[in-house]
Amino acid sequence: RSLGNGKHARSQSPLKFFAEAKKSINDVFKDIAEYVTESQNYLSALPENCKCENAKSVEEFGNMIQGIIEVLTRDHMKVVFFGRTSNGKSTTINAMLRNKIMPSGIGHTTHCFIQVEGCESSEGFLLTEDSDQQKSISDIKQLASALSKVKLKENSLIRILWPKQKCKFLREDVVFLDSPGIDVTPDLDDWIDKHCLDADVFVLVANAESTLMQTEKNFFHKVSSRLSKPNIFILQNRWDISVGEDDPEEVEQVKEQHYQRNVEFLADQLKVVDRQEAKNRIFFVSAKETLISRLHEDNKTPTPHGSLQRNYQERAFAFANFEQAFEVCISKSAVRTKFEQHSQRGRNITSSLRSVMDETHKKSQQQGDKLQEVKSEKESELDFLEKQTLVLTTEMKDKIKAMVEEVERKVSYAMNM
Ligand code: GDP
């Protein structure tokens, strides 16, 4: 199979890295599934006395591979947004999705988590934890009213399934999780266990008008104790407010102060990145302006006068730079966290299959030798079928050996692309 085309696609978006690795690993597992079926068919045709004890486990390998393929198709990249109420988490998600999907305010008054993920259908719908029933949401007003009607437990999860065709990030298997304001929910441990252990990236949406709060910092201390070196980005949002200041020097000073404190937090306190890399994780943006300008750009309508502040371009670039860094980070992390386990299990299965075939080979050889002794004088009478079995087992053994090597090669290719 050709794995080469990926190189070209990857230069378009770093997110493709995940999709390509997913496809390659999926192909490898399909190959393994074929080999397992082939071995299974072969073993079932073999005389009982040539089979080794573990021959039955080959059937089990087939089920395991199917299980992995199923999980693999559901694997995605997950980004979780945190911050105080009204810092602009929902607006940031909407700006990235170039759609007004997240309702402002609602997630926080109900204390629940809202996840946006892609679906194949052309209409969006809503799923709550307590039922399998899909609630349709053809527009966002309807979503807001649907949310206000459903009774939700604290910390529960609402899933918004939104047409993949409408958003690049959803098409590429990114899932967005918006959290209730960190200032209104006390039980952070519960949150982390329930919603954050499979996250690839965390985005802290901070308010550039104030410094990071202790609750915001505590959350990441807790996350760091559960996940080794979580990937964290800090968005200093509402930076458009700064243009109201008369003194540009003062604005620069405020910016520098935020930089210093955020770098200190990421590098010295959390120790998740070094100081140099920490600087690349902090962005001064305005989610509101970015959302407004993107919506108008997509609709080909002019942005209303006064909705974008002075030097808007600078903040728009910062937002785009954030997305670029985010894409590289999330796809790399997801390939590692999601696929490493699968490929390890794939390796284990292929090497177990190999040892079953090796043993089967040994056993048929012993059988052959026994026959040889019995019929030593009449070599020519050696049962044709028995001879054939020996030849075939050797062939099969070599094939499995080659397959194991091929799997190793393909897996390491997919993991290191
Ligand atoms: P959340 O509670 O963190 O999800 O915050 P929302 O996204 O709901 O935003 C709360 C309010 O802040 C809304 O009225 C937004 O329009 C506004 N807002 C969000 N981002 C910005 C921004 O960058 N600049 C300004 N001026 N307002 C913003």
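The values are calculated or read from the model by the stated rules, or taken from the named source; none is laboratory data. Since the model is a prediction, treat every value here as computed from it, not as a measurement. Neighbour counts are summed over all protein chains in view; Cβ atoms, including those assigned to glycine, are modelled from backbone coordinates with ideal geometry. The accessibility values were calculated without ligands, DNA or RNA, using every heavy atom of the protein model including side chains. Shrake-Rupley method; radii C 1.70, N 1.55, O 1.52, S 1.80 Å.
General observations
- Over all projection directions, the Cα-based convex hull of region 246-379 averages an area of 17.1 nm².
- Helix runs (DSSP H) in the chain reaching 15 Å along axis by Cα, Kyte-Doolittle at least -0.5: 16-45, 57-74, 312-334, 384-416
- Over region 60-101, the alpha carbon radius of gyration divided by the compact-protein estimate 2.2 N^0.38 Å works out to 1.95.
- Considering only VAL174, VAL203, VAL254, the Gaussian network model of the chain with Cα springs below 10 Å gives its largest mean-square fluctuation to VAL254.
- Using 0.36 nm per residue and subtracting the Cα-Cα separation, the extra length available between GLU264 and GLU123 on full extension is 46.3 nm.
- Extent along principal axes [Cα atoms of region 170-211; Å; largest to smallest]: 35, 26, 13
- Segment ALA325..LYS279, full-extension length gain: 15.4 nm, with 0.36 nm per residue of separation and the alpha-carbon distance subtracted.
- Placing pseudo-labels 7 Å out from each Cα toward the beta carbon at SER136 and ASN299 gives an inter-label distance of 2.4 nm.
- All Cα-Cα distances of region 190-270, cut into 5 Å bins from zero to the largest, leave 3, 13, 24, 22, 15, 10, 7, 4, 2, 0 percent in each bin in turn.
- Once both labels are positioned 7 Å from their Cα atoms along Cα-to-Cβ, the gap between GLN313 and ARG345 label points is 5.1 nm.
- Quotient of C-alpha Rg and 2.2 N^0.38 Å, computed over region 254-313: 1.57
- Share, in percent, of DSSP beta bridges within the chain that are antiparallel, nearest 5: 25
- A Gaussian network model of the chain, with springs between Cα atoms under 10 Å, assigns the largest mean-square fluctuation among SER228, SER136, SER331 to SER228.
- Calculated SAXS-style log₁₀ I(q)/I(0) at q = 0.11 Å⁻¹ - the chain, Debye, Cα scatterers: -0.88
- Accessible area per residue in Å² at 1.4 Å probe, computed on the chain: 51
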